[in-house]
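Here is the structure we will look at.
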Amino acid sequence: MDYKDLRVDGSRLQSTLQEMAKIGATPGGGVQRLALTDEDKQARDLFVRWLKDLHLEVTIDEMGSIFGKRKGKNNSLPPVMSGSHMDSQPRGGRFDGILGVMGSLEVLRTMHENRIETERPVMIVDWTNEEGSRFAPPMVASGVWAGALDRDWVYNRTDLSGKRFADELQRIGYKGTVRAQNWPTHAYYEYHIEQGPIMEREGKIIGAPEGIVCIHWCDIYLEGEANQVGPTPMEGRHDALCAAAEMILKVNELPAKMGGNMVATVGEIENYPNSRNVIPDKVHFTVDIRSWDDDLALRAWEDVRKDFEEIAQRRGCPIEIQETWRVEHSPFEEKLVQRVLDTAQELGYPSLPMISGAGHDASYMNLVAPTAMIFVPSIGGRSHVEVENTCWEDCEAGANVLLHCILKSANET
Ligand code: GLV
Ligand code: MN
Ligand code: MN
């Protein structure tokens, strides 16, 4: 059968995304749907209902990832998978992650109503806790599924209030019984917003990442000496927050110092006792370093670690450094990247190859299956914020590219 003229229903995709955006809606127009919260559960319940409406075979694994399988003509062939995540950042946007899951759902709805049969099964997936903002690190469910992370290590991760990942997964009713372990997969597609400014600047509608940068996450714990701020002279203080301040600037200077294509960020900090008239005696902050070049990122980390140790020593603030998580850069399967570009061209959408500076479950999927991503522009290059936005026409365009990429892969024998 010739599917050339087949297209998704853009207005249905829009209303599906708008329905999801009500769950955890924030006053500034974004969403807050942190992993394993009540809002996450609400989104999952709705998603599962929609999967069942399509008569998909729904399974939930021990990491809480949700899979929906649409049968093919030959179910012994490895499936084509497509999906992303439904959790968000705190005061995050309405598109990050959810577009890839709802875009895949729209593809399956289109296939369902057009009674399309494919050679291979097609599976949709929602990966648990991609963001890693409540439970660090990110991408844990795809990481366990791909065999790169240990399930029990992830189960024991805690949020800031000390709640365990596994307990929260159980509490929301999504600790499934199916083992989180990869099965042979013919191709994995992840449809996502760009989260940066390049496509808008270049006037392109479809981006085809050639891969994802490496990401290094570290946690820094500093000890100082608390005291009354008034009577305590400036000399001889052990102010943990001042030590952190110096360190944070070292992180900020790192990319310019190292050269190459790198970004480095301190995004989270806790200061204790956090009182304006007590010298801080405990600080925790995070470090995020990213580059396409794994060695450069490692060298940068070693460089800044030496700076941290020198600052801690000079200020008399003992330091503990935890290397929390690291993922190497992931070059995607060239054939699939080219398929995204070719499909965009066939459908008449201007496209460009690029690199993803954001992390995605596709990083881990790339370890076990031929993988590619489809990007659509982020208005103003803004993401992980409430004003994150992508126009509906572009959302539809990306879903059309996803539809045709899935059909091509699913009909390969
Ligand atoms: C994922 O959201 C990331 O931090 O890039
Ligand atoms: Mn995302
Ligand atoms: Mn994100």
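The values are calculated or read from the model by the stated rules, or taken from the named source; none is laboratory data. Please read all numbers here as calculations on a predicted model, not as lab measurements. Neighbour counts are summed over all protein chains in view; Cβ atoms, including those assigned to glycine, are modelled from backbone coordinates with ideal geometry. Side chains are part of the model used for accessible areas, which takes the heavy atoms of the whole protein and leaves out ligands, DNA and RNA. Shrake-Rupley method; radii C 1.70, N 1.55, O 1.52, S 1.80 Å.
Please report the net charge: other residues with Cβ closer than 11 Å to the Cβ of residue 352, K and R +1, D and E -1.
On the way: positive: 201, 204; negative: 194, 202, 210.
Net charge around residue 352: -1.
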- Nearest 10 degrees, 0 to 90: helix 38-53 Cα axis against the chain principal axis: 10
- Query: By the scheme Lys and Arg +1, Asp and Glu -1, what is the net charge of all other residues having a beta-carbon under 15 Å from that of residue 22?
  - Reply: -1
- Query: Relative to the longest principal Cα axis of the chain, at what angle does helix 392-410 sit, 0 to 90 degrees, rounded to 10?
  - Reply: 60
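Tally up the carbon and sulfur contribution to the accessible surface of the stretch 193-296 as a whole percent, 1.4 Å probe, everything protein left in place. Walk me through the intermediate numbers first.
Working: 2630 of 5150 Å².
It is 51 percent, rounded to a whole number.
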- Query: Do you know the relative contact order of the stretch 144-197, to the nearest whole percent, from alpha carbon pairs under 8 angstrom that are 6+ apart?
  - Reply: 33
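Working from the pairwise distances between different alpha carbons, so that the mean of 1/r is found and then inverted, what is the stretch 116-250's Kirkwood radius in Å? Please report the intermediate quantities before stating the final value.
Details: mean 1/r = 0.0504 Å⁻¹.
This gives a value of 19.8 Å.
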- Query: So for the stretch 35-179, Kirkwood radius off the Cα pairs, Stokes-Einstein at 10 °C and 1.306 mPa s: how many µm² s⁻¹?
  - Reply: 102
- Query: Once Lys and Arg get +1 and Asp and Glu get -1 on their Cβ, which of 197, 212, 269 lies farthest toward the positive end of the dipole of the stretch 187-270?
  - Reply: 197
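Carbon and sulfur atoms: what percent of the 1.4 Å accessible area of the stretch 1-49 do they account for?
Values: 1140 of 2420 Å².
Accessible surface attributable to carbon and sulfur in the stretch 1-49 totals 47 percent.
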- Message: Using Cα-Cα distances under 8 Å and only pairs 6 or more residues apart, what relative contact order does the stretch 136-278 have, in percent?
- Response: 14
- With every protein chain kept in place and a 1.4 Å probe, the chain has an accessible area per residue in Å² of 42
- How large are Rg and Dmax for the stretch 1-120 when only the alpha carbon atoms are used, in Å? 15.3, 48
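To two decimal places, what compactness ratio does the stretch 295-412 give when its Cα radius of gyration is scaled by 2.2 N^0.38 Å?
Values: Rg = 20.2 Å, N = 118, 2.2 N^0.38 = 13.5 Å.
Here the Cα radius of gyration is 1.50 times the empirical estimate.
What percent do you get for the relative contact order of the chain when only Cα pairs under 8 Å and 6+ apart count?
Reported relative contact order: 24 percent.
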- Task: May I ask for the angle, rounded to the nearest 10°, between helix 10-21 and the longest principal axis of the chain, with both axes built from Cα atoms and the value confined to 0 to 90°?
- Result: 30
- Task: May I ask which of 71/408; 41/71; 335/408; 4/71; 257/306; 282/306 have a Cα-Cα span longer than 18 Å here?
- Result: 41/71; 4/71; 282/306
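Given R₀ = 41 Å, what would the calculated FRET efficiency be for residue 270 paired with residue 59, taking r from the Cβ atoms and rounding to 0.05? Working shown, then result.
Numbers: r = 38 Å, r/R0 = 0.92.
Here the calculated transfer efficiency is 0.60.
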- Message: Semi-axes of the equivalent ellipsoid for the chain, please: Cα gyration tensor eigenvalues, times 5, square-rooted, ordered largest first, whole Å.
- Response: 41, 22, 19
- When Lys and Arg each count +1 and Asp and Glu each count -1, what net charge do the other residues less than 12 Å away from residue 167, Cβ to Cβ, add up to? +3
